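Report on one structure; see the data block that follows.
What follows is calculated from the coordinates using simple rules that are stated; it is not laboratory data. Remember, it's a predicted structure, so these values are computed and weren't measured experimentally. All Cβ positions, even for glycine, are placed from backbone atoms using ideal geometry, and neighbour counts span all protein chains on display.
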Amino acid sequence: MNSLINNLVGAYKKDRVSEKLSEVRDQYSKEWYEHSKAFDERKYYEWMAKRVIDYKNILEVGCGTGFSTLNLLNQGHKVIAVDENPSCLKKAEKLLKENGYNVKLILRGKVIAIDSQKYEIKYKDLTFNQVDYDVVLVESDFINDDKFVGFIKNDLTEVIDGIVCWLLGTHNMRGNNSLFNTTITKNSSDARIFVQKRLYQICDEILSSGKGLNIIDRAVYQEDLVEMTKFEHIRLSRGTGFCIEKIKFVDYEEVGKDRGTKMIARDESGGTINTDNYQKVLVSTLSIKK
Ligand SMILES: C[S@@+](CC[C@H](N)C(=O)[O-])C[C@H]1O[C@@H](n2cnc3c(N)ncnc32)[C@H](O)[C@@H]1O
């Protein structure tokens, strides 16, 4: 009898993981929509899109609720955009359709609860013909989806001119994905480093010579910002064929306290820093595949 109850409780807790993930993803998408709408109004995405004006066909990693994608499309690019969060993708689809673009949305993730805390996501195979659409939105965890990366490598390497990954961030159940070893990846800053290293490695496999990878992050201004950023990206891209080509930055302001998801800055020991009184910047790093 006890083992039956334990099994039922275990099954209930497992179910809760999927439910909770869905709630958290939904909440994140609502907050990011507000935040990125304000960023769009302030023309930050226009500045970001100019960093990749020379690359016609773009693969966007982590498109969020679509304001970044919209600015790329408005600048004349064709886009394949991926995001791990289906709630974000649905909002992006609506926004881009409302703006007159021809959009294909591919949802393909299945959440599997491992225990009461951990989950993994299995993705279905995919295929699409990019020429039929202005933008294809794909549910994918870019750093953990061999099927998507395999499809791009086999069918689209020659088509993609540049990859962008702007303002990487995520919901607070991401650490419950079995992909992350939380004894090594202890906080959001460790997670960003882990993800960006993988990003450089995967983009190295996808992009052909001469093509570009553009990463834009939020940061606190410091005098040696350009040197520090270059140093950080040399470390992140170590072992790949990328060469750090151009670093640019621009001031930005966070949106109001009650709107959206703020930048989280950390000190050396991993503690959060209150950045309210610091000058904040968007930092763009363009790396070229040799
Ligand atoms: C802060 S939002 C930025 C969205 C968009 N780039 C922008 O600038 O508005 C970060 C997005 O990246 C997505 N993301 C984070 N890690 C990802 C990964 N490994 N694969 C796909 N999407 C990811 C999150 O789900 C989130 O929607």
- Identify, among VAL250, LEU72, CYS203, the residue whose Cα sits farthest towards the positive end of the charge dipole of the chain, taking +1 on the Cβ of Lys and Arg and -1 on the Cβ of Asp and Glu, with the dipole about the Cα centre. CYS203
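Arranged by the count of other C-beta atoms within 10 angstrom, fewest first, what order do THR275, THR229 take? Each step should come with its number before you reach the end.
Working: THR275 16, THR229 22.
Fewest-to-most ranking of THR275, THR229: THR275, THR229.
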- Listed with the fewest Cβ neighbours within 10 Å leading, SER22, SER284, SER188, SER209 appear as SER209, SER22, SER188, SER284
- Report relative contact order for the chain in percent, whole number only (criteria: Cα-Cα under 8 Å, sequence separation at least 6). 19
- Item | P(r) tail fraction, the chain - alpha-carbon pairs more than 23 Å apart, % | 56
- Query: Please state the relative contact order of the range 182-262 as a whole percent: Cα pairs under 8 Å, 6+ residues apart?
  - Reply: 31
- Message: At a 10 Å Cβ-Cβ cut-off, how would you order ASP15, ASP141, fewest neighbours first?
- Response: ASP15, ASP141
- Item | Those aspartates and glutamates that a straight Cα-Cα span of less than 20 Å connects to LYS230, excepting residues fewer than 8 apart in one chain | ASP190, ASP204, ASP217, GLU245, ASP251, ASP267, GLU268
- Per the C-alpha gyration tensor (a ≥ b ≥ c, the square roots of its eigenvalues), the range 80-152 is rounded if a/c is under 1.5, else prolate if a/b beats b/c, else oblate; here it's oblate
- If the limit is 21 Å between Cα atoms, which of LYS37/LYS289; LYS94/LYS248; LYS50/LYS246; LYS90/LYS289; LYS94/LYS118; LYS20/LYS91 go over it? LYS37/LYS289; LYS94/LYS248; LYS90/LYS289; LYS94/LYS118
- Any aspartates and glutamates with Cα under 13 Å of the LYS78 Cα? List them, leaving off those in the same chain fewer than 8 positions away. ASP54, GLU60, ASP132, ASP134, ASP161
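Pairs of alpha-carbon atoms within less than 8 angstrom and 6+ residues apart define the contacts here; what relative contact order does the range 119-198 have, in percent? Numbers along the way, then the final one.
On the way: 30 pairs, mean separation 29.0, N = 80.
The value is 36 percent.
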- Message: Please return the longest range in the chain lying between exposed loop sites, taking GluC sites (Glu not before Pro), DSSP loop only, at most 11 other beta-carbon atoms within 10 Å, and leaving the sites out.
- Response: 1-157
